[in-house]
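Data first, discussion second: the structure below is written as structure tokens.
The values are calculated or read from the model by the stated rules, or taken from the named source; none is laboratory data. Model, not experiment: these values are computed from the prediction. All Cβ positions, even for glycine, are placed from backbone atoms using ideal geometry, and neighbour counts span all protein chains on display.
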Amino acid sequence: MDSVSTRRCIGRSASVQARSSRSSYGLCSPHDSKERALSRWLKSMRCFAALLLLAHMGSQAMLIERHMRPITLVVGYAPGGLSDRLARVVAKYLEQEIDRPVVVKNVSGAGGVLAANEVLYAHVESPTLLVGDSALIVSHVTQAPQSVDLSLLFPIGTLGSTSFVVAVANPSKFRTLNDLLGNKTDSLKRLTVGTPGANTVHDLTARLMLDRAQTKAEMIHYRGGVPMLADLLEDRLSFGLLSLVTAREYERSQQIRILAVTGERRSRLFPNTPTVSESYSGLYSASTAYLLASPQMSDELKLTLTQKWGQIIRKTDFLNELRSLEMSAPFLDAAGAAVKITEEKKWWTKLVKIQPH
């Protein structure tokens, strides 16, 4: 081999060794450096995209979970009473409209005040509704302990109104309202009056009746109408005020006798039964049932419920179920409910001013 060939061979060998040496010490050519940087960037982008996907999936899962979380429908009286039965009708139709579970929860006591407080202070993550009635307005205007101003809750609508009956047990010696309230000969035995709670519409109505008749009685307040009814049927109470639908059931079975109705006009159920106002002019009362939402409920859900309620109160089947419970029109939307609450405050405040203390 000549000297030129030897030098070329040596040069190539040195070049290979140099590249090998640079490679072994982690040195790259400019081309290799660009490829590695691109590879690292692509890997980072893939990781970032995966994190974004996970975050999106997580937020979507949370959103779905929040939208499917059951709505609690609180009712302030024991199971079996009118308010409880109304709440279960409402729950059924709401579930159909919003495609979401609605669970009825009974929180009885203090004429619905305990239930109203639970809804007023419900957690923001626990969507909560209340089926309440005029008793809550009476409690507020009479300044009962822990009473709730219904204007603090969000109105969804109303379920109509109902009056009451003055009822006695079937064996009772009292045959008419005048017999009951005008009986002053038996002074040794004071009348006993059962109500579903203190400061309820029933309580205030009974006290007004007693005041107009100038008759004294012992007021006995129960945790709802169901336990009160049990004592009335056993003739352990002189009389009690019952809802129309409850009275209808027990009057048919001849367990009670109805002496009067508290509405402005005679009831279609008991057309031969006089009104209280026929004996005591201008004295009448009725209770409105309200559907109200916790103030902490999301604005989105409040809007959905008000819109759906506007559709529900136009459903014939729903209205027929309310009427079967002796609830009378009007059945109002959110705006109408707000106006009704204001009107009832004025009405009951006027009555409270003349009630006995």
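Could we say that Gly182 is of a type outside the set (Ser, Thr, Tyr), farther than 30 Å from Asp235 by Cβ and in contact with a helix residue (DSSP H, G or I) (Cβ under 8 Å, 6 or more places away or on another chain) here? No: the conditions fail for Gly182. In the set (1) at pLDDT 95 or above; (2) closer than 22 Å to Asp84 by Cβ, Asp203 fails one condition alone, (1). Taking every residue in region 320-344 that is in contact (Cβ under 8 Å) with a residue 24 or more places away in the chain and pairing it with any residue that is outside any helix (DSSP H, G or I) and among the aromatic types (Phe, Trp, Tyr), at least 6 positions away or on another chain, the pairs with Cβ-Cβ distances below 7 Å are Leu322/Phe331; Ala337/Tyr290. Within region 93-139, if we keep just the residues that are among the charged types (D, E, K, R) and part of a helix (DSSP H, G or I), the residue that is nearest to Gly225 (Cα to Cα) turns out to be Glu118.
Counting residues in region 220-233 that are within 28 Å of Gln146 (Cα to Cα) and in a strand (DSSP E or B) gives one or more. Only one of the listed residues (Arg248, Arg236, Arg265) is under 20 Å from Arg175 (Cα atoms), part of a loop (DSSP other than H, G, I, E, B) and assigned by TED's automatic domain parsing to the domain that holds Asn199. That residue is Arg236. Among the numbered conditions (1) in contact with a Leu (Cβ under 6 Å, 6 or more places away or on another chain); (2) of a type in the set (Gly, Ala, Ser); (3) without any contact (Cβ under 8 Å) to a residue 24 or more places away in the chain, the only one that Ser253 does not meet is (1).
The set of residues in region 283-301 that are surrounded by fewer than 23 Cβ atoms within 10 Å (Cβ to Cβ), modelled with pLDDT under 95 and among the hydroxyl-bearing types (Ser, Thr, Tyr) contains only Tyr284.
For region 302-357, the candidate set comprises residues that are over 30 Å from Thr215 (Cβ atoms), of a type in the set (D, E, K, R) and surrounded by 15 or more Cβ atoms within 10 Å (Cβ to Cβ); within that set, the residue that is nearest to the chain's Cα centre (by Cα) is Lys302. Taking first residues from region 92-106 that are over 18 Å from Asp317 (Cβ atoms) and among the aliphatic types (A, V, I, L, M) and partners that are assigned to a helix (DSSP H, G or I) and at pLDDT 95 or above, the Cβ contacts under 9 Å between residues at least 6 apart in sequence or on separate chains come to Val103/Ala91; Val104/Asp84; Val104/Ala87; Val104/Arg88; Val104/Val90; Val104/Ala91.
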